[in-house]
Amino acid sequence: MHKNLKIDSGALTLALSHALDLAEPRLANHQERVAFIVWRMGLTGKLQDKKIRNYFVAALYHDIGAFSLKEKRALLNFEFGNVDLHCVRGYNLLKNTFWLTKTAEIVKHHHKSWEWWKKESRDLIDEIVLGAQLICLADYVDRLIDRKTCILQQKKHITDEILSLTGKEFHKYVVDLFIENAKQEDFWLTLRSEWLTRLLLTDGPLRKEEMNIEVLLPVSELFRDAIDFRSRFTATHSAGVAIAASSIGEIMGLSEIDRELLEISGNLHDIGKFAIPDKLLEKKGKLNEIEKEILKSHVFYTFSILNSVKGLEKVTQWAGFHHEKLNGTGYPFHLKEDNIDTGARIVMIADIFTALIEERPYRKKLVKNEVKKILNDMVNRGEIDDKIVKLLLSNYEYVFDKVTEAQKKAIHRFEKQFA
């Protein structure tokens, strides 16, 4: 069954990259535009397909380590400060995914100037150096663009700015690749086009690529950490939900592939929180009504991000329905029990259970009797599945220990590399 599950790799990579830019409207599709510029320069330089693909993926993920909205806005405005911080965070996120080790190195160095590389006695023959320089220039170009002005009127100003940095920020070869593309109106118009995502999907380096569940699982762990590590208060949450969901699936006797899909759904269930300002996630008091409404929107974004990926239908529903209720009082779709399958019900309960047993900014973690009462009250109101809750409570210590162990590993990683 594992071999039968095929996910559109290009669509997933682009969807997850798009999610990273949701918090700031001025940054929308920033990483896609950087990836497009890198792709075009790679084609102009007649680089090997494998190299172009690696550089393209690194460009799509280059700002994955920029955790806060303040940090993203500063980068957008050329206010670099400690520019290495988000580069190193990105490296730490990516390096543990075995096929992204080169990507991690490129992301780590994507703000390094050509002068810095010269001091390190490294040249463009080095694959990491070339990739980092391509992204460095492409990122610089996109941040120079004024969204309110006709893009073709900006060609000369941007080109002159890049030329002025030749030999300092950028190697002449990389600048030449950019200049060749900058001569063409189609390059600029495509860069600003609303069809850019579709172009990258249909013609880009990841077209027709597929991944199986063995590849999808570590990708989901990567983005779980990217969203949860924005705050200490959320640093362990999705890891707990993922193991709680797969453990409940195990107790229920579900198939191996469904248990893995439950784990992936738990990892990705809060990916829509990329659209939520980090100050809401870290607020120490209770949220006001406006803040609650803003926070509610994260589930819609989770569903929307995942819904664009062929082959991910189960995960989309199981992750995207985790705040629905069987009696229709949930959100954002107000589904009722006939439209909420077993997997979605499990993730729903795993999310509630994990939230109750972990510390939050506004309360301490709850003990077993408190958790049991809250879950049973929700069952009595017709909100969550009675049978799944009974199974969970009958195996409370088993699931609790699994969640606790997973969260210990998550907090250790967070404190060691990201705190």
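Annotations
- Within segment 132-165, the set of residues being of a type in the set (Asp, Glu) and in a helix (DSSP H, G or I) comprises Asp139, Asp142, Asp160, Glu161.
- Qualifying residue in segment 319-334 (condition: modelled with pLDDT under 95, surrounded by fewer than 18 Cβ atoms within 10 Å (Cβ to Cβ), of a type outside the set (Asp, Glu) and touching a helix residue (DSSP H, G or I) at 6+ places or on another chain (Cβ under 7 Å)): no
- Residues within segment 204-244 that are closer than 19 Å to Thr103 by Cα and not in a helix (DSSP H, G or I), tallied: 7
- In segment 197-218, residue farthest from Val309 (Cα to Cα) [restricted to those that are in contact with a Ser or Thr (Cβ under 7 Å, 6 or more places away or on another chain) and hydrophobic (A, V, I, L, M, F, W, C)]: Leu199
- Test result for Leu261, modelled with pLDDT of 95 or more, more than 19 Å from His322 (Cβ to Cβ) and either assigned to a helix (DSSP H, G or I) or out of contact with any strand residue (DSSP E or B) (no Cβ under 9 Å at 6 or more places or on another chain) (or both): no
- Any hit, segment 139-151, residues being aromatic (Phe, Trp, Tyr), in contact with an Asp or Glu (Cβ under 9 Å, 6 or more places away or on another chain) and surrounded by 12 or more Cβ atoms within 10 Å (Cβ to Cβ): yes
- Condition check for Leu20: of a type in the set (A, V, I, L, M, F, W, C) and over 27 Å from Val175 (Cα atoms): yes
- Positions within segment 191-237 being more than 16 Å from Leu5 (Cα to Cα), of a type in the set (Lys, Arg) and surrounded by fewer than 16 Cβ atoms within 10 Å (Cβ to Cβ), in sequence order: Arg192, Arg198, Arg207
- Applying the set (1) basic (Lys, Arg); (2) under 21 Å from the mean Cα position of the chain (by Cα); (3) assigned to a loop (DSSP other than H, G, I, E, B) to Lys46 leaves exactly one unmet item: (2).
- Among the residues of segment 11-43, the ones that are among the small types (Gly, Ala, Ser), part of a helix (DSSP H, G or I) and farther than 24 Å from Trp188 by Cβ come to 3 in all.
- Residue within segment 24-35 that is under 22 Å from Lys310 (Cα atoms) and among the aliphatic types (A, V, I, L, M) present: yes
- Residues located in segment 241-257, provided they are surrounded by fewer than 19 Cβ atoms within 10 Å (Cβ to Cβ) and on the phi < 0 side of the Ramachandran plot: Glu250, Ile251, Met252, Leu254, Ser255, Glu256, Ile257
- Given (1) part of a helix (DSSP H, G or I); (2) modelled with pLDDT of 95 or more, index of the condition Ile290 fails: (2)
- Qualifying residues in segment 11-54 (those that are surrounded by fewer than 19 Cβ atoms within 10 Å (Cβ to Cβ) and of a type in the set (A, V, I, L, M)) - the one modelled with the highest pLDDT: Leu43
- Identity of the residue in segment 55-69, assigned to a helix (DSSP H, G or I) and either among the basic types (Lys, Arg) or surrounded by 23 or more Cβ atoms within 10 Å (Cβ to Cβ) (or both), that ends up nearest to the chain's Cα centre (by Cα): Leu60
- A search for C-beta distances below 6 Å between a residue of segment 201-217 that is at pLDDT 95 or above and any residue that is of a type in the set (Lys, Arg), counting only pairs 6+ apart in sequence or on different chains, returns Pro205/Arg53.
- Selected residue (only one of Cys150, Cys136 is closer than 24 Å to Leu20 by Cα and free of Cβ contacts under 8 Å to residues at least 40 places away in the same chain): Cys136
- Contacts under 9 angstrom Cβ, first residue in segment 157-182 being within 12 Å of Tyr140 (Cβ to Cβ) and touching a residue at least 24 places away in the same chain (Cβ under 8 Å), partner part of a helix (DSSP H, G or I) and of a type in the set (Asp, Glu), 6 or more apart: Lys168/Glu115; Glu169/Glu115
- Condition check for Lys46: touching a Gly at 6+ places or on another chain (Cβ under 8 Å) and within 30 Å of Gln184 (Cβ to Cβ): no
- Here Lys102 does not fit the description of being buried (at least 16 other Cβ atoms within 10 Å of the Cβ), touching a residue at least 12 places away in the same chain (Cβ under 8 Å), assigned by TED's automatic domain parsing to the domain that holds His62 and in contact with a Cys (Cβ under 8 Å, 6 or more places away or on another chain).
The values are calculated or read from the model by the stated rules, or taken from the named source; none is laboratory data. In this text, all values refer to a predicted model and were calculated from it rather than measured experimentally. We place every Cβ from the backbone using ideal geometry, glycine too, and count neighbours over all the protein chains shown.
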